[in-house]
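The values are calculated or read from the model by the stated rules, or taken from the named source; none is laboratory data. In this text the structure is predicted, and so the values were computed from the model without any measurement. When we count neighbours, we look across all protein chains shown, and the Cβ atoms used for this are built from the backbone with ideal geometry, even at glycine. Ligands, DNA and RNA are excluded from the accessible area calculation, which covers all protein heavy atoms including side chains. Shrake-Rupley method; radii C 1.70, N 1.55, O 1.52, S 1.80 Å.
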Amino acid sequence: MSVISWIILGLIAGFIGSKIVNKSGQGMLMDIVLGIVGAVIGGVIFNFFGAAGVTGLNIYSLIVSVIGAVVVLFLYHAISGQRQLR
């Protein structure tokens with residue numbers, strides 16, 4: 001995957017993950033970073049359970065990335081003490 005693909009996937013996954021966890025986005029840059037980190041974490045989680053991780057710019061990779069972004073967001077809020085979950 002190219003860098004542009006990672007940024008696009010990261011932006012979409014980070015935005016969706018932010019909406020799932022706390023109903024508001026974290027900001028465009030934070031959404032991109034969160035989504036890229038979420039894609040990596042989601043890939044690790046899926047590989048641990050024997051499934052494929054991020055395979056390209058497709059729906060399956062988006063689902064993996066969103067799951068990873070949600071995990072990262074929950075950890076971020078737990079560590080930082082922000083309890084904006086509604």
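Just to verify a result, which residue in segment 61-81, among those that are within 13 Å of the chain's Cα centre (by Cα) and not aliphatic (A, V, I, L, M), is modelled with the highest pLDDT? Among residues in segment 61-81 that are within 13 Å of the chain's Cα centre (by Cα) and not aliphatic (A, V, I, L, M), the one modelled with the highest pLDDT is Gly68. Residues in segment 8-28 that are open to solvent by 70 Å² or more (accessible area, probe 1.4 Å) and at pLDDT 75 or above: Ile8, Ile12, Phe15, Lys19, Ile20.
In segment 37-64, what residues are at positive phi and out of contact with any helix residue (DSSP H, G or I) (no Cβ under 8 Å at 6 or more places or on another chain)? Lay out the reasoning, then the answer.
At the first step, the residues of segment 37-64 found to be at positive phi are 50, 56.
Passing the criteria: only Gly50.
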